[in-house]
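Read-outs throughout are calculated quantities, based only on the coordinates presented, and are distinct from any laboratory measurement. Model, not experiment: these values are computed from the prediction. Quick reminder, even Gly has a Cβ in these numbers, built from the backbone with ideal geometry, and neighbours come from all protein chains shown.
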Amino acid sequence: MQTKILPSRQALVDRIELQFAYGNNYICLISEVGLGKSYLAETFISDKFPEYNKSYVQGSRSAQDRHLLGQILEQSFSKPLIDYDLSILDNFAILSKGNVEPLLIVIDDAHFISDEFASELFQLTELYQGQIRILLTATRQLPVSDAINIHLEPLNQIESITLMKMYFQDLPYEDEPVFKAFLEASHGNPQLLLAWKNDNSQQKLKVETRKKQVKIYAWLVIVAILLTLFASGLYYYSKQAHTIQNDSEIGAPLTVITAQDATSEVNKSFDIPGNQQNTSAQPEQQPEQQPEQQPEQQPEQQPEQQPEQQPEQQPEQQPEQQPEQQPEQQPEQQPEQQPEQQPEQQPEQQPEQQPEQQPEQQQPEQQPEQQPEHPVKVLSGNDWFLSQPQSYYTIQLMVVRDRQVLTNTVMENNLTSTQVYEITKQSNVLIGLTYGLFETLAEAQKARQQLPESLLKQGAFVKSIGKIQQQIQANN
């Protein structure tokens, strides 16, 4: 891809592309020597029509038409058998077998080719209308009356200075006498403008010394900043260590003293006989408190605590409480607790236990239904094309860089059976859109005729699956 190009020259490249879009498939770029027609031709073939097969040849005084014919056919077909006794029209008819893929041919210095070969090239574009496009550069007009001739003009003074600034950094002022005379003598010829040489050695030395001084000052500033950061880090680290040490020295003895005092005071004030009497008094108080608390607490606590607490509490409480509580509590508690607890416990325990048991019984039935099925892998994109037979055909609708364009095309034309593949050319990702899959060439050509007229105008053509597989494998 050409990076350094003037806006006016880029506009000319876009104009050539527009002429091809209008149906003019034979264009000749005419200019004097040194005005940059070869540079424009290289820019055009590298930037425009990325989906086309491309052929670039250069004519010369020693190159004959046979030599150019061989170069064009070798770049257009894979290992072709060329018959140099036949014309380029007959060779294309034999090698393509009636199915020519889109081809862009650029011939530089075409003024060296013969008039007969130039007319054969024009007939080739007429024979394969919309499939073969030819761009020629020459210093004279070729003897083809129907060709589109575009004349390349010299650069003006502003464009000349802009071009020189792209390649030279230290240019003198525009009013400098020597530089001004050089611009006038070049007459806007890019070849002469790029031959400028500035021999002002003193100015170069000043610039170099100034750059060295700037580098030295920059290094000094960086070193000063690093020293400042290092000193501040040391100061912060020492301060933090000092504060941590002071906190440890002040806080350690206080914690030990308070712990010892607390344990000694607790041991002195703790009265063991009193505690034993309190513990012995607890069994006597329990029988009086239980009859009052049980009727109020049991209806609320039993539905929630019974499934969890009953297995643990019953073996521990029964051997301790039965010998003491039975003679006193049985005549009072039995007539009050039995009629109240039984009707309340049974309806509340059943709805809680049933939903817990049901999910456990249903688990064996749900397991065979929840087993995941292995998903079936569906091929698409490049994998789909690589899995198809090479002898099959498809219809290539377009190749673009923006995927949204493909989506809009499919939706506007209500297309089905479309596939997409991706290739990379010159660090650009290109996305191709195809329609259908056909076993024979006749079926593909018949399906192409039934496509909407808008797709046919955009250059839809029949393409073999083997060719697409070669493009995909070449990029991988």
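Multiply the residue separation of Glu422 and Ala218 by 0.36 nm, subtract the distance between their alpha-carbon atoms, and state the gained length in nm to one decimal. Before the final figure, lay out each step's value.
Details: separation 204, 0.36 × 204 = 73.44 nm, distance 4.82 nm.
This chain segment gains 68.6 nm when fully extended.
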Item checked: Whole-Hz couplings from phi, Karplus 6.51/-1.76/1.60, listed for the stretch 13-26; x for Gly and Pro -> 4, 5, 5, 5, 4, 5, 5, 5, 5, 6, x, 8, 9, 9
Checklist line | Arg61, Arg133, Arg15 arranged by Cβ crowding within 10 Å, fewest neighbours leading | finding: Arg61, Arg15, Arg133
Checklist line | Point-to-point label distance, Asp175-Arg210, nm (Cα→Cβ direction, 7 Å offset) | finding: 2.0 nm
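Here is the link list: Lys97/Lys446; Lys4/Lys212; Lys425/Lys463; Lys4/Lys165; Lys79/Lys467. Which ones come out longer than 21 Å on Cα distance? Write down the numbers at each step before the final one.
On the way: Lys97/Lys446 17 Å; Lys4/Lys212 30 Å; Lys425/Lys463 19 Å; Lys4/Lys165 10 Å; Lys79/Lys467 14 Å.
Going by Cα-Cα distance, Lys4/Lys212 fall outside the 21 Å limit.
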